[in-house]
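The values are calculated or read from the model by the stated rules, or taken from the named source; none is laboratory data. Computed from a predicted structure; not experimentally measured. Heads up, the Cβs are rebuilt from the backbone with ideal geometry, glycines too, and the neighbour counts pull from every protein chain shown. The accessibility values were calculated without ligands, DNA or RNA, using every heavy atom of the protein model including side chains. Shrake-Rupley method; radii C 1.70, N 1.55, O 1.52, S 1.80 Å.
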Amino acid sequence: GAVVSQHPSWVICKSGTSVKIECRSLDFQATTMFWYRQFPKQSLMLMATSNEGSKATYEQGVEKDKFLINHASLTLSTLTVTSAHPEDSSFYICSARDITRVGYEQYFGPGTRLTVT
Amino acid sequence: TQLLEQSPQFLSIQEGENLTVYCNSSSVFSSLQWYRQEPGEGPVLLVTVVTGGEVKKLKRLTFQFGDARKDSSLHITAAQPGDTGLYLCAGVHASGGSYIPTFGRGTSLIVHP
């Protein structure tokens with residue numbers, strides 16, 4: 001149980017284009033999902049907290065107009081990187097919190113490797 | 001911002017050795033999780049601790065939550081090459097009705113055969 005999928009697993013796009021990444025909780029409902037960015041050999045950097053049916057809460061320094069987050073259902077959140085630039089190249093990981101669990105743990109997707117050329 | 005200090009950052013040991021990873025904070029957490037991540041993959045949940053003083057065991061891994069719920073440790077006995085990976089601790093605290101996770105910097109473990 002507690003499986004989170006992420007699609008695509010990797011994507012290459014040209015500078016200036018937009019890329020959408022999907023995060024789905026497959027066997028549980030998630031009122032809260034998180035989006036992270038991770039640089040090589042480093043820990044996770046929280047970008048935003050996505051709550052179903054409401055606007056995402058972005059961490060300081062993260063541009064909300066560049067990283068659009070939509071959490072339209074209890075099982076799906078999307079991250080759209082708009083007007084991507086090479087510096088946006090990174091490993092993006094989503095996680096989902098199971099509303100039935102009291103420990104507030106997250107279950108992570110497998111990640112999306114974004115390369116902007 | 002809740003800070004979670006994780007140490008050591010890097011660990012390179014021989015198979016069969018024991019090791020301990022620490023996570024410390026000045027803040028009280030509602031819960032704390034330990035994750036293990038392999039390159040190119042998402043972190044995998046190992047354990048959640050909720051109660052101060054709690055100890056949980058997962059085969060050769062022992063997790064402990066401090067009495068004051070501000071710190072935690074992960075001890076691996078007789079490490080094996082399959083234990084190689086990035087270990088992450090994450091403390092969860094309440095903030096305006098939300099429970100926001102804070103991650104430590106991670107401990108990159110390499111176990112040599």
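Accessible area per residue, 1.4 Å probe, Å², for segment B:1-96: what's the number?
Solvent-accessible surface per residue comes out at 48 Å².
No partner Cβ under 4.7 angstrom, meaning no disulfide-compatible partner by this rule: which Cys of chain A qualify?
That list is A:Cys13.
Considering amide H positions built from the backbone, and no H for Pro or chain starts, which residues 5 or more places from B:His93, or on another chain, come under 5 Å of its amide H?
Result for B:His93 returns B:Ser30, B:Ile100, B:Thr102.
Give a residue-ordered list of calculated ³J(HN,Hα) values for segment B:49-57 (Karplus: 6.51 cos²θ - 1.76 cosθ + 1.60, θ = phi - 60°; whole Hz; x for Gly, Pro).
My calculation for segment B:49-57 gives 10, 10, 9, x, x, 5, 10, 10, 10 Hz in order.
Measure off, as a whole percent, the carbon and sulfur share of the 1.4 Å-probe accessible area of segment A:48-117, all protein chains present.
50 percent
Could you list which residues have their amide H under 5 Å from that of A:Tyr104, counting only those 5 or more apart in sequence or on another chain, with H placed in the peptide plane?
Here nothing satisfies the definition.
Give me the distance in nm between label points sitting 7 Å out from Cα along the Cα-to-Cβ direction at A:Ser18 and A:Asn51, one decimal.
Roughly 2.5 nm, to one decimal.
If I ignore ligands, DNA and RNA and count only protein heavy atoms, how much of B:Thr62 is accessible to a 1.4 Å probe, in Å² to the nearest 10?
Counting only protein heavy atoms, the figure is 30 Å².
To the nearest Å, what is the center-to-center distance of segment A:40-117 and segment B:1-71, using C-alpha atoms only?
23 Å
Using Cα positions and a limit of under 19 Å, work out the aspartates and glutamates in reach of A:Lys66, with same-chain residues fewer than 8 apart set aside.
A:Glu22, A:Glu87, A:Asp88
Take A:Lys66 and A:Trp10, extend 7 Å from each Cα along the Cα→Cβ direction, and tell me the distance between the two endpoints in nm.
2.4 nm
Only Cα pairs within less than 10 Å get springs; with that Gaussian network setup on chain A, which residue of A:Arg101, A:Arg37, A:Arg24 has the largest fluctuation?
Looking only at A:Arg101, A:Arg37, A:Arg24, the biggest GNM fluctuation is shown by A:Arg101.
Between B:Thr62 and B:Ile13, 0.36 nm times their residue separation minus their Cα-Cα distance comes to what?
Contour length minus the Cα-Cα distance gives 15.8 nm.
How much of A:Glu87 can a 1.4 Å solvent probe reach, expressed as accessible area in Å² and rounded to 10?
Surface open to solvent at A:Glu87 totals about 130 Å².
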